[in-house]
Structure formats: structure tokens, C-alpha cells
Amino acid sequence: MKLSELAIGATAVVREFPKAGAAFLRLREMGLVAGTRVTLIRTAPLGDPLEIKVRGYHLTLRKSEAEHVLVDPAA
Amino acid sequence: MALPAHISSGVSAAPSRTPVYALVGNPNCGKSTLFNALTGLKQKVGNYPGVTVEKKIGTAYSQHGQPITVIDLPGAYSLAARSPDEAVTRDVLLGRRADTPQPDRILCIVDATNLERNLYLVHQILDLGRPVILVLNMMDVAAAAGLDVRAGRLERELGIPVIPCEAVNGKGLIELKLAMSRADLPLSRHAWDIPAPIAPAVAELQASLTANDRKPPLIARAEALLLLTDQDSVRVAGSTPLSARTTEILQGWQKRWEGEGTDWAGTLVNSRYDVIGRIAAEAVTRAGHTGPTASDKIDAVATHPIWGWMILGAVMTLLFLSIFTLAEYPMGFIEDGIASLSDWVKKDSGLPDGDLRDLITDGAIAGVGGVIVFLPQILILFFFIGLLESTGYMARAAFIMDRLMSRVGLNGKSFIPLLSSYACAIPGIMATRTIEDQKDRLVTILVAPLMSCSARLPVYLLMIAALVPGDRVPVATKVGVMILMYALGTFGAFGFAWLFKRTLLKGAPPVMIMELPPYRLPGLKDVALHMLERAWIFLRRAGTVILGISIVLWFLAAYPKAPEGATPQQQLAQSFAGRAGHALEPAIAPLGFDWQIGIGLISSFAAREVFVSTMGVVFNAESKDDDTTPLRQALLATKWPDGRPLFTPLVCFTLMIFYVFAMQCVSTVAIVRRETNSWRWPLFQIAYQTGTAWILSFIVYQAGRALGF
């Protein structure tokens, strides 16, 4: 499933990432790589961007990026 | 095949001259606090030539009083730069900047509560082959969060000194200074395997960088690794370009990998995080499962769909209330001070009556006074911006506003600069440095002066007074017209932002990858220091320009001299300024303005509120303080030569529209010049804003006339 489809409060593991694009490289460098656990904390009051928790800190990204990050729901 | 890393384990001798340390770290890890604690007030703040990135160099003293130079590099998440700030950090560390010495040693500060992501930058920096000291900051916060971060384990894993520290209260500073003055700082023994698919490329690039770009071998290896993740990263002025041969090799490999479908950049990042994950697991243990932190609890309210808006609204209201009420008192003192100084020069200084005295009082003192009278507002604004930044609320405001800003192609980070511009465009424009994307930043700078600033208020108030018949303006009318003017400016700003993002400054779709740092108590000392730095920049840049312009404007109004006994009104009418007003009249007559209003428009370049005092001189009606009644009556009595009244309600309204859009502020021009590093953008700004002002005023005036107003 897509990171943008995750329910609020749910945790998932990153599976796949687009190769190209500066935004995705930066997301990787911020610690979001294949195998990383992410939790969707909330969406902004107007529904976008998203706030996720990754490696113990909070990060925002827009739905337009989150749509391209594929995740597997964590047990 | 994995190529083993080849970092020589050795010992670097202490340099004989004053050692140069670079201080690097992620944003929000307490770097500025540590820098201030290390160097005190012994700092030099400037700009890197050719880029608008702040350059801060300070001197720290070892426990034995030996000076140590510390360069505070801009906060960075990675050496693969995504913003000019990060590009400068990368270039200084790689020795690519001729204007800054390559640091001998590196001080890496990390947030102990967020070790993994912070270690990513450290991991890149260890590749540089320079002695590195790791500062583990916020140990107290980590302990409170139930994290046990063991410095000894990290030291063993990385092979460099690791100093636990609490920069906010100075804990660990002595140990850090002792480490910094060590003569025998070890080089990192940490080795990691470059992933097999890219190892041959790294080796080939390293050889070329050594041979063709004359880089020392270790720097060459670090740079080779960086080039692979840095392909389309930010370039800034003042950085030495790569040799043609190296670029050729890089492009050759990229083409090949693209053909094979190899994700080279991703492979590199992943392998770094593999290593970091292992190190962090060794060094950090979580003591039990902790519930939501205080920061999480605050955020549940501060970014709540309903409470979030109310808190944002309350914070902004508080900001504006303090700007307009708190600033009033010091502004009054400054105005009185300027007036008494001017009086003293006129009466008691012993200077003879004449041009020199007038130049000092009406030119220099009035000009400088006109600048520093805005200082209280600007200081308060910078203080608030600093407070919002250091507490972490700034990021939340951007998070909440991002969706709205995205409608015009900007992101949430443009919100605070634009909002500040309602008070004054100058701090707003200076606050755009937090916007990483250069095009977004430029668009924000270009539209910021359209937000109605406080200097327009006196003009609006005078025009509203002249607009409505009767001596007392109904409050509802006053407020209604005022809101209309503010709304016009705001819609104008967003409209132009939308237009510029689609035409002139078209860029990649904006992203909003931003850290939401935990809430922290503000470091008041750091906030105050930051505020004073900013205010000093304003005084230096805008002050000098304004002083010059004020003297020129004084000269234009004082020469040529009218015959003896002429009134100030007659003097102004036949001065250069008066003649310029006449020359301007054909251009502004279609807007319903005559040459006398023209003088006011010209003098507004010093500051918009000067319009009111100029009108006072032009129509020979001194208005005292906030009472504009005499001036209002004088305006209403003024007629065109053919007997038509000049200040009809339609003309007053048109004039307000003109003031909403026109670029009439020299200080803003000076700051835009500084922040964009060229004359191109301030000139473009004058042209588009004043052009829009003319066109809209023309439409309003002509349509109003056609409708019989």
C-alpha cells in the first residue's frame, strides 16, 4: 500500500521508493529507506501535508510524495 | 566485490598557527547555542561573497587561554546540498571555497535524542579524513525521554572523541574545550564498505579528482562518494567547479547505471544507514516503553483541526498587538528625541541660520530619524520570529499553512515572512532565508512588499479622513475601507506569487520535507543575540541608503532658492521637487493626481508615511501628531486651476489603491538588493509594483469618473 493511505496512528515498513527525483533522495537521506518503520502521526488541519514519525523524530511530507512511497503494514 | 575503505589510522599533529574548527550539525540540534557558548560575543557575522548565506566566525579560548577559531557552518542534513545553506557547508568542508580556509578540524554536534538521522551527516563527514570531535548534545533531554546514550560505546565504534554535553546550561563545555586543544586528535578508525555496484566508480572518480582537480586523496574519496548522491544539487557562487575530465567520468557512470537500472544514490544512502543502524543499536538503549512526550501532547492541540487554527490566530494577533502597542512608546521617545535634537541644532548649537543648518536638521537628522523610528517595530518582529523559531512553533505554522500556500505554488515556509510584512517588509524579507528553495524564496521576496505595512497606515488614515464628509469619520467606514486596502494587498501578493511561479520563476513542484522539531523552551540569550544582529544589518544597510536619499530629497526641496520672504509652500513649489512634480503631472493626471500629489509620491521614496508631512508642507497645514484635521481641511479646499476640487472621494480612493501596490520604499529596495545579491530583482520589483499601481489606479479612476463619481 501507499504511505499516503496509511491510517492515522498506524505503523508500516517502507518497501519501495522511486529512484529518481531530488525529493526522494532527500527523504532517503532523512532516514526513510527500505525497511524503516514509519508511523503516520496526523495530517495537517487541511488534510495535507502528512506528519510521520521515523527513527524517533517527526517529519512532514506532502501527499504528492507520500503517494509514491510503498509500504507494508507492520505487525 | 566490496572495496574496503582506506582510511589511514593515524594522528594529526596540532597546527602551529591558531587552529581552525568548523562547527557542523543538523538544524535544530543546538548548534547556535553551542557556538554562542563557545565564543561568547567574540563573533564576526557577515555574508559568504556572492550568496546570501550568513558567515559566522568566532574565537573560543582553550582552558589555557589559547585562541581557537571556530567557523559556524549553516545547519545541514546532508552534504548533498538541497539549499544554499547546505551548499556552503559542503563547499567549505571540501575546501571548494577560496574565500574561506578549509578547516583543520571538525566539531560535529548531534542531538542525542535523535541520534540515527544526526549520524548520517557525521558519517559523511568522517569520510573527509579530518580529525573530528563529536558533541553529544541534549543529553539531559535524552535521559528524560528514557534514552541511555553511551558516549563510550560511540567513541569505540567511531574512533573519535565523543563529548556528552548540554549546551543550554554549559555542561560539558570544559571537557569539549580540553578536547579541542588536544595536540594529538586521532583520525577516525571507522571503516565502512562502499557498496559493490558503485565501488569501481568511486575509485575512478577518486583517481581523477586527485589527478585533475588536485585534491588530497582522502578529500578526493569523500568528494567522489558525494558526487554520486549530489548529481543535481545546489550550486552556489564562489565554489570552484569540477574539472571537465571528472565531470565526464561521472556522466559516463550515470549513463551506464541508468541503462542497467542501478539505483546508485539509493544504494549509497541505504548502506550508510545500515552502518548507522548498527552503531545506534550499540550505543543507545531505550529504558522501557515511554508514552507520548510533552511535545506530542502540545502538538495534539497545536496542530488540531480546530484548536490549531485558533492558536495560530492567537499567536499572530499577539504578535501584531505587540508590534503596534509595545512599539508605540519607544517610537514616541525616538520621535521626541529627534525633534528636540533638531530644535537644539536650530536654536542653541550656535550654527548660523542657513543651508548647512537646514541640511543637518531637515536632511540628516530627519532622515536618520525616519529610519530609527521603525527600529522598535523591527526589533519586536525579529524577537518574535526568533522566539517562534527557537521554540519550534515556526515549523507548526508552516505545517498548518502549507496547504493554503500550495494553492499559489509556494510552501508553508513562506507564511511567516509574508505575515511579518504586514508590519514591515524588511524583517519579512530578511526572514525568507529559512526558505530552502531559491525560486520560492525569490517569489516570496518579490511579493512581500504588497502586504500593507505599517508605514502605509498614516497615508490610509489621512485619505480616509479626506474621503468621508464631516469632521468625524464613522468607525464602520474607516474599518471597512482599511480592511479593503489590506485585502487588496494580500490578494495582490498571492495573485502575483501564483503568476511568478507559473512564468518567471517556474520550478520543480515544491516539496514540503521538513522536520517538526520537539518543542523547546526558547534560549532567550540566543534569541536576543539574533535579534540584535538582524537589527544591526537593517541599520547598516537601510540606514546608509536612507541617509543618502534623505539628503538628496532635502536638496531637491530646498533648491533652487525662492526669493527672500517666500513661505515654505512657495519654496517647495518652485524647487526641483516641485518641478519634478510638474514634470510627473502628465503621467499621473490620468489617475486624477496633480503635480502637488506628485511631490508627495516622490518624497514617499524615503518612507511612505513621509507623504503626510510632505502634504503638510505643500498645502501649508502643519498637522500635529495624530490630528490631521487642519491638513484634511486644507486638502478639501484645494482645487485644480479650473476650479474643480482636487481631493474628490474618488481621487482619495485612487491614491490609496496606488499606495497599496506601488514600490515606494528605499529601505526595502536596499534590503532586496542585499538579499538577492543583484540589482535585477529590486529594479524588477519597482517596475512591476509601480506599473500595477498605475494601471489599477487608472482603471479605478477612469471607471469611477464614467460612473459619475
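Derivation of every value follows stated rules applied to the coordinates shown; laboratory data play no part. All of these numbers come straight from a predicted model, not from anything done at the bench. When we count neighbours, we look across all protein chains shown, and the Cβ atoms used for this are built from the backbone with ideal geometry, even at glycine.
Legend: calculated FRET efficiency, B:E204 to B:L683, from the Cβ-Cβ distance at R0 = 60 Å, rounded to 0.05, equals 0.80.
Distance from the alpha carbon centroid of chain A to that of the stretch B:245-274 works out to 24 angstrom.
How many nm separate the modelled label positions at B:V552 and B:F320, each set 7 Å beyond the Cα in the direction of the Cβ? Inter-label distance under the simple model: 3.4 nm.
Pairs from the list B:K478/B:K525; B:K44/B:K177; A:K19/B:K413; A:K63/B:K501; B:K56/B:K255; B:K42/B:K501 with a Cα-Cα gap above 30 Å: B:K478/B:K525; B:K56/B:K255; B:K42/B:K501.
Counting only the Cα atoms, the protein assembly as shown fills a convex hull of 191 Å³ per residue. Per-residue shielding of B:120-128, expressed as the average number of other chain Cβ atoms within 10 Å of the residue Cβ, stands at 1. Our estimate of slack between B:Q633 and B:H64, defined as 0.36 nm per intervening residue step minus the Cα-Cα distance, is 197.5 nm. On the beta carbon distance between B:R705 and B:T477, with R0 = 22 Å, the FRET formula returns roughly 0.50. Extension gain, B:A144 to B:T503: 0.36 nm times the residue separation minus the Cα-Cα distance gives 124.2 nm. Does the stretch B:45-119 come out rounded, prolate or oblate, given a ≥ b ≥ c as the square roots of the eigenvalues of its C-alpha gyration tensor, rounded meaning a/c under 1.5 and, failing that, prolate meaning a/b above b/c? Cα axes put the stretch B:45-119 in the oblate bin. Every helix of 4 or more DSSP H residues in chain A counts as -39500 (n - 2.57), and over all residues that averages to -3500 deg cm²/dmol at 222 nm. Site pair B:K255 and B:E175 shows an inter-label distance of 5.4 nm when each label is modelled 7 Å from Cα along Cα→Cβ. For B:A587 and B:L532, the FRET efficiency from 1/(1 + (r/R0)^6), where r spans their Cβ atoms and R0 equals 41 Å, is about 0.45.
Summarised as an ellipsoid, the stretch B:563-618 has semi-axes of 19, 14, 9 Å, derived from the eigenvalues of the Cα gyration tensor scaled by 5 and square-rooted, with the largest first.
Helix screen, chain B: DSSP H segments with Cα axial length of 30 Å or more and mean Kyte-Doolittle hydropathy at least 1.0 are B:475-502, B:524-558. Could you tell me the center-to-center distance, by alpha carbons, between the stretch B:94-118 and the stretch B:420-493 in angstrom? Measuring centre to centre over Cα atoms gives 41 Å. Within 10 Å of the Cβ of each residue in A:42-55, the mean number of Cβ atoms contributed by other protein chains is 6. Among B:G643, B:A566, B:A577, whose Cα sits farthest toward the positive end of the charge dipole of the protein assembly as shown (+1 at Cβ of Lys/Arg, -1 at Cβ of Asp/Glu, about the Cα centre)? Comparing the listed Cα positions along the dipole, B:A577 ranks first. Each Cα pair under 8 Å and six or more residues apart adds its separation to the average, and for the stretch B:533-706 the resulting relative contact order is 21 percent. Report, ordered by chain and residue number, the aspartates and glutamates lying within cross-link reach of B:K346, taken as a straight Cα distance under 14 Å and ignoring same-chain residues fewer than 8 apart. Candidates past the 8-residue exclusion: B:D355, B:D358, B:D362.
Listing B:L312, B:L532, B:L227 from fewest to most neighbouring C-beta atoms within 10 Å gives B:L532, B:L312, B:L227.
For the stretch B:610-709, the average shadow cast by the Cα convex hull is 8.0 nm², which is a quarter of the hull's surface. Restricting attention to the protein assembly as shown, close to 70% of DSSP beta bridges with both partner residues there are antiparallel. Listing B:E609, B:E515 from fewest to most neighbouring C-beta atoms within 10 Å gives B:E515, B:E609. Remark: chain B projects, on average over all directions, an area of 37.3 nm² (convex hull of Cα atoms).
With a 10 Å cut-off around each Cβ of A:14-27, the average count of Cβ atoms from other chains is 5.
Using only alpha-carbon positions in the stretch B:533-706, the gyration tensor eigenvalues give semi-axes of 28, 22, 15 Å once each is multiplied by 5 and square-rooted (largest first). Under 14 Å from a label point 7 Å along Cα→Cβ of B:K561: give me every residue in the stretch B:348-377 with its amide N that close. Residues B:352-359 qualify, since their backbone N sits under 14 Å from the label point. Charges were assigned to the Cβ only: +1 to each Lys and Arg, -1 to each Asp and Glu. The resulting dipole of the stretch B:490-613 about its Cα centre is roughly 480 debye. Extension gain, B:E328 to B:E54, is 95.5 nm, computed as 0.36 nm per intervening residue step minus the present C-alpha separation.
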